[in-house]
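Colleague: Okay, here's the structure, questions in a sec.
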Amino acid sequence: MPTVTVYAVLRAATPVDDATVEAVAATLRPGDPELRVWREPDRAALRASTDCDAEDLDAALELAHALGEELRERCPGDVVEAAALTDDDSLVWRAWL
């Protein structure tokens, strides 16, 4: 199975500070050494990415959606983007808000 990078973006209901990023990173997928959680400079978006195995990009996009939902469980807001990326291709979903 190929390794794919999955990525999710959450538009937070309230500004995201460093403490929020640290709290989410500490509880989101413990033990995942590839997991990265960060915020945008405007503090409205919380982002997460990790690598995982998936049969194809469609399956990987479902994993990206799951990552977004896990973000939403830890920080109130709306998942606005989910993506699956390989070295050769990508598949992106964006919310219509």
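The values are calculated or read from the model by the stated rules, or taken from the named source; none is laboratory data. All values reported here derive from a predicted model rather than from experimental measurement. Methodologically, a virtual Cβ is constructed for each residue, glycine included, from the backbone with ideal geometry; neighbour enumeration extends over all protein chains shown. These accessible areas exclude ligands, DNA and RNA; they are computed on the full protein's heavy atoms, side chains included. Shrake-Rupley method; radii C 1.70, N 1.55, O 1.52, S 1.80 Å.
Colleague: Rounded to the nearest percent, how much of the accessible area of the chain (1.4 Å probe, protein heavy atoms only) is carbon and sulfur?
Modeller: Roughly 49 percent of what the probe reaches on the chain is carbon or sulfur.
Colleague: Any idea what angle helix 18-27 forms with the longest principal axis of the chain, computed on alpha-carbon atoms, 0 to 90 degrees, nearest 10?
Modeller: That helix lies at roughly 50 degrees to the long axis.
Colleague: Just the Cα atoms of the chain, one point each, no solvent: what log10 I(q)/I(0) does Debye give at q = 0.16, 0.17 Å⁻¹?
Modeller: Values, matching the q order: -0.61, -0.68.
Colleague: Say each of Val80 and Met1 gets a label point 7 Å from the Cα, pointing the same way as Cα to Cβ; how far apart are those two points in nm?
Modeller: In this crude label model, Val80 to Met1 measures out at 3.1 nm.
Colleague: Still on this structure, I have one more. Could you give the accessible area per residue of the chain, probe 1.4 Å, as a whole number in Å²?
Modeller: On the way: 5740 Å² over 97 residues.
Per residue, the chain has 59 Å² of solvent-accessible surface.
Colleague: Here's something else I'd like to know. Relative contact order for segment 24-97: what percent, with Cα pairs under 8 Å and sequence separation of 6 or more? Let's see the in-between values first.
Modeller: On the way: 81 pairs, mean separation 16.9, N = 74.
Result for segment 24-97 is 23 percent.
Colleague: Can I ask one more? Using the Cα centre of the chain as the reference point, and only Cβ charges (+1 on K/R, -1 on D/E), how large is the resulting charge dipole? Debye, rounded to the nearest 20. It would help to have the intermediate numbers written out before the result.
Modeller: Details: 9 positive and 21 negative charges, 115 e Å.
Here the size comes out at about 560 debye.
Colleague: Let me ask something else. I'd like the orientation of helix 57-74 relative to the chain: the angle between its Cα long axis and the longest Cα principal axis, in ° from 0 to 90, rounded to 10.
Modeller: The answer is roughly 20 degrees.
Colleague: Next up: Just how far, in whole angstrom, is segment 17-42 from segment 73-97 if you go by their alpha carbon centroids?
Modeller: So the separation of the two Cα centres works out to 16 Å.
Colleague: Which of the listed residues, Trp96, Tyr7, Pro33, is farthest toward the dipole's positive end in the chain, when Lys, Arg count +1 and Asp, Glu count -1 at the beta-carbon?
Modeller: Trp96
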